[in-house]
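The values are calculated or read from the model by the stated rules, or taken from the named source; none is laboratory data. Quantities reported herein were computed from a predicted structural model and do not represent experimental measurements. A quick note on method: Cβ atoms are made from the backbone with ideal geometry, for glycine too, and the neighbour counts reach across all protein chains shown.
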Amino acid sequence: MTEQADAPVRRGDGPGGRFPRFPALAVGLLAAAWLIPAALQLVDADWLLPPLLLLGTASLLRVGTVLLDRLMIAAGLLGGAVIGSGLLFSVWPWHLSPMAIGWFGLTVLVVVGLVLRRRPQLPRRVLGTDLLILAAPVVSWVLIRKPVQGQSFSNMLPYTSARQDFFNHYALYDAIHRIGGYAFTHPAAARHYVTTPNEYAYPSGAHFLYVILDVFRTSSSNPGDSVDEFVRYYQYEALGVGLLAMAVIWSARWVAGPALTGWRRALVCSVVGGMAVLGQMSALFWQGYDGEVIGLAFLAMLFALVVQPPARVREQILLAAALIVGVVYSYSLYFIFIGVIVVCAAVVYRKRLLRYWRFALVTAVVAIPIAAVPYVMAQIHSYGTQGLFTQGGTTLRFSRALSLFFGVVAVAPLATRAGRRLPRWRVVAPVILISTAISTYEGYVGYQATGMTRYYYEKMVEGTWTMSLVAFGAVGLFLKSALAAPAGASRLGVSRRRHWLTTEIPASVAAFVLGVTVSSGFPLTKGPEWSQGPRPIQDVSWAALWAGGSITAPYAHALAMYGQHYQFGDGQATALLYTDSAADNMHATMFLSILNHDLGTMGFLGMDGSDNLVSLQPPAKGQDLSDAAKYALQRLELWLRAHDPGFRVVVGDNYLARLLTEWSAQNPDMRMRIDIIRGLS
């Protein structure tokens, strides 16, 4: 059950809702805020602090009359606040110490509670569809983790390395973890870890959240062994996709409002949940879109809480500010959608907001400079939007037919009298229409320049897709409840209970089965093997395709063979040359580099252009290598010479190994190690 946008704003918290002003109580609470993190640190139980902070935040809010609503809203507020506070954590002396962050968080909660004189309170009401929302991350986790469950690190490699974007994001996470804050606050140190010189300016709110989760989980700001750190990060990536599914389903229920009950609510949640957990959205995981995943989760919640605002305007403003920070820091591209959402909502709810313009102004003065930091950094370091939609890149195309269907459902309320009367649908429709128009224009820009739509246009489509899923509750306007309770049931509790048991619950179960079925949930169809190519096949469950082990990395076998002879992350700068594809050699070498934390000194991109060397054969007597082979070999030798002495090259038992061994003997100052693994290919 959500709150109506036009509910009266109450002053105070009612009887028993306020703290009395006792100085002794304030001192005691502040002491507890400092003693609890210290005690948990002593017993290595800092992992208890995140749920404690979540419950504390939820207990001080007054929006949401359902327990799960309150917790979800608190999670959005807390996530955005942690990301914004990362600017402070990056520069204060304690950096990412879990105890220091715990002190800070609990102290803020105590001070806010005392200033507002609010007693901690949580609603007790639950809804049947809470189970669907809570089940989403569990099902998502099981499907995503299935290929690697119980596997050794080497056997996990085909899946942990499915795309090189996994490496890029882990490298940024590793940089934040090891320098103790946002990479862009310590650029000189960050360059040692990240994949390209300006990669430290990439939006890293999601990576920062994962680091904070890790320091609480391990009770230490020291990331430890790189292999263990990489495995934990892979787990956080899977968790992030589950949280996205949870956020989208909850947001759809919130936007639908309290009028959508019973089987209709179950239908909306199951359709949206099926699309988020089993459909195309699940493919964001194995494509390695970590920042986008968390950015979409924040965007979904922002869209929901702005178009269907809580009764308390001040809390709505604070929530919007925190979620905007979360979106921009996680995936700055979506600042375009933020502007559309805020402007459309401000127009519809202008009278409501004008009553609190001073509070809104103060919040904006604080939040806008914080939110602007990643966008400014992106503009300075060439991650801006200029030329973005003509850049290349490979990605799975979301179904245009499904995108159109959900978009039409989102704007359909304007065709009904009831929809035009409800303010939320007067916000939803223009947001979807304008966002779709912007996305279409950006696709046109890329098509005009290159003859095809480009990578970041697909990102825009995924943003509008997510908002359309959130607005799917609009379908409730066209689903008249034919299962009304019998006359007089409101006075006869037994009749109402019998109606729910015999009619409403079976109808809700049927609606759930129907919703999951239409989203490719039943059956979990895998479709063709991924080896046939990344075609946009829409009538399969992409989560099942991944869980079946069809999507793997081409260089995983070579990495596994490497792992049989060497220790990953041993600190030895290494190049792996196992195939004629310079791109695959480059990505395998990149993986070894991130585990050594030496990407900044490897310059692995210089390997590009050294194709077709592994299959070189000794030339016939009296002949020489071809000009193309000579050129590729010269490029490789120049790249090797650019590194510090002591570099290691791992190759198969082939002619290239002989050439490199001869070159190493001719350049003893390089102290080059040429190691041969028989059968490496």
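If you take the residues in region 136-158 that are touching a Phe, Trp or Tyr at 6+ places or on another chain (Cβ under 7 Å) and β-branched (Val, Ile, Thr), which one is farthest from ALA252 (Cα to Cα)? If we take residues in region 136-158 being touching a Phe, Trp or Tyr at 6+ places or on another chain (Cβ under 7 Å) and β-branched (Val, Ile, Thr), then VAL148 is farthest from ALA252 (Cα to Cα).
Once region 548-593 is narrowed to residues that are acidic (Asp, Glu) and farther than 17 Å from PHE647 by Cβ, the residue that is surrounded by the fewest Cβ atoms within 10 Å (Cβ to Cβ) is ASP580. Residues considered: THR416, THR436. Of these, the only one that is among the hydroxyl-bearing types (Ser, Thr, Tyr) and closer than 26 Å to TYR289 by Cβ is THR436. In a residue-by-residue description of region 314-324, the property of being within 21 Å of TRP425 (Cα to Cα), out of contact with any Lys or Arg (no Cβ under 7 Å at 6 or more places or on another chain) and among the polar types (S, T, N, Q) applies to at least one position. Taking the condition surrounded by 12 or more Cβ atoms within 10 Å (Cβ to Cβ) and in contact with a Ser or Thr (Cβ under 9 Å, 6 or more places away or on another chain), does TRP639 pass? Considered against the rule, which asks whether it is surrounded by 12 or more Cβ atoms within 10 Å (Cβ to Cβ) and in contact with a Ser or Thr (Cβ under 9 Å, 6 or more places away or on another chain), TRP639 comes out as yes.
The set of residues in region 209-243 that are more than 15 Å from the chain's Cα centre (by Cα) and of a type in the set (Asp, Glu) comprises ASP214, ASP225, ASP228, GLU229.
Per the conditions (1) in contact (Cβ under 8 Å) with a residue 40 or more places away in the chain; (2) crowded, with 24+ Cβ neighbours inside 10 Å; (3) not in a loop (DSSP other than H, G, I, E, B), the sole criterion not satisfied by ALA175 is (1).
Could you check region 439-483 and list, in sequence order, the residues that are surrounded by 21 or more Cβ atoms within 10 Å (Cβ to Cβ), among the polar types (S, T, N, Q) and free of Cβ contacts under 8 Å to residues at least 60 places away in the same chain? Listed by number, the list holds a single entry, SER439. Among the residues of region 103-144, the ones that are assigned to a loop (DSSP other than H, G, I, E, B) and among the hydrophobic types (A, V, I, L, M, F, W, C) come to 3 in all.
Name the single residue that is modelled with the highest pLDDT among those in region 375-395 being of a type outside the set (A, V, I, L, M), in a helix (DSSP H, G or I) and surrounded by fewer than 19 Cβ atoms within 10 Å (Cβ to Cβ). It comes out as TYR375.
Please verify whether ALA372 is assigned to a helix (DSSP H, G or I) and more than 21 Å from the chain's Cα centre (by Cα), treating the condition exactly as stated. No. Of the numbered conditions (1) at pLDDT 95 or above; (2) more than 30 Å from ARG355 (Cβ to Cβ); (3) touching a Leu at 6+ places or on another chain (Cβ under 6 Å), ALA26 satisfies every one except a single condition; which is it? For ALA26, the failing item is (1).
Candidates are the residues of region 151-172 that are assigned to a loop (DSSP other than H, G, I, E, B) and small (Gly, Ala, Ser); the one that is farthest from LEU209 (Cα to Cα) is SER152.
Beta carbons closer than 8 Å, at least 6 apart along the sequence or on distinct chains, pair a first residue in region 265-293 that is within 11 Å of VAL248 (Cβ to Cβ) with a second that is of a type in the set (Lys, Arg) and modelled with pLDDT of 90 or more for CYS269/ARG253.
Residue check: is PHE398 in a loop (DSSP other than H, G, I, E, B), hydrophobic (A, V, I, L, M, F, W, C) and either modelled with pLDDT under 90 or touching a helix residue (DSSP H, G or I) at 6+ places or on another chain (Cβ under 8 Å) (or both)? Even if it seems obvious, please write down each step before you answer.
Working: in a loop (DSSP other than H, G, I, E, B): yes; hydrophobic (A, V, I, L, M, F, W, C): yes; either modelled with pLDDT under 90 or touching a helix residue (DSSP H, G or I) at 6+ places or on another chain (Cβ under 8 Å) (or both): yes.
Here the answer is yes, as PHE398 does meet what is asked.
Just the residues that are within 22 Å of HIS192 (Cβ to Cβ) and without any contact (Cβ under 8 Å) to a residue 40 or more places away in the chain, please, taken from region 605-638.
GLY606, MET607, ASP608
Take the conditions at pLDDT 90 or above, assigned to a helix (DSSP H, G or I), of a type outside the set (Ser, Thr, Tyr) and surrounded by fewer than 19 Cβ atoms within 10 Å (Cβ to Cβ) and apply them to ILE432. Does it pass? So ILE432 does not fit the description; no.
Name the single residue that is nearest to the chain's Cα centre (by Cα) among those in region 659-681 being among the small types (Gly, Ala, Ser) and surrounded by fewer than 11 Cβ atoms within 10 Å (Cβ to Cβ). Residue satisfying both the conditions and the ranking: GLY679. Elements of the type helices (runs of 4 or more DSSP H) sitting completely within region 250-352 and holding at least 1 residues that are surrounded by 24 or more Cβ atoms within 10 Å (Cβ to Cβ) and at pLDDT 95 or above: these cover 290-307, 313-330, 335-348. Scanning region 184-208 for residues that are under 20 Å from ALA100 (Cα atoms), out of contact with any His (no Cβ under 7 Å at 6 or more places or on another chain) and surrounded by 22 or more Cβ atoms within 10 Å (Cβ to Cβ) yields a count of 2. Of all residues in region 223-240, one or more are surrounded by fewer than 24 Cβ atoms within 10 Å (Cβ to Cβ), part of a loop (DSSP other than H, G, I, E, B) and without any contact (Cβ under 8 Å) to a residue 60 or more places away in the chain. Pull up region 646-657, narrow it to residues that are over 14 Å from THR574 (Cβ atoms) and touching a residue at least 40 places away in the same chain (Cβ under 8 Å), then point me to the one that is surrounded by the most Cβ atoms within 10 Å (Cβ to Cβ). Per the criteria, the residue is LEU656. Taken together, the residues in region 116-147 that are closer than 30 Å to ALA26 by Cα and either of a type in the set (Ser, Thr, Tyr) or at pLDDT below 90 (or both) amount to 4.
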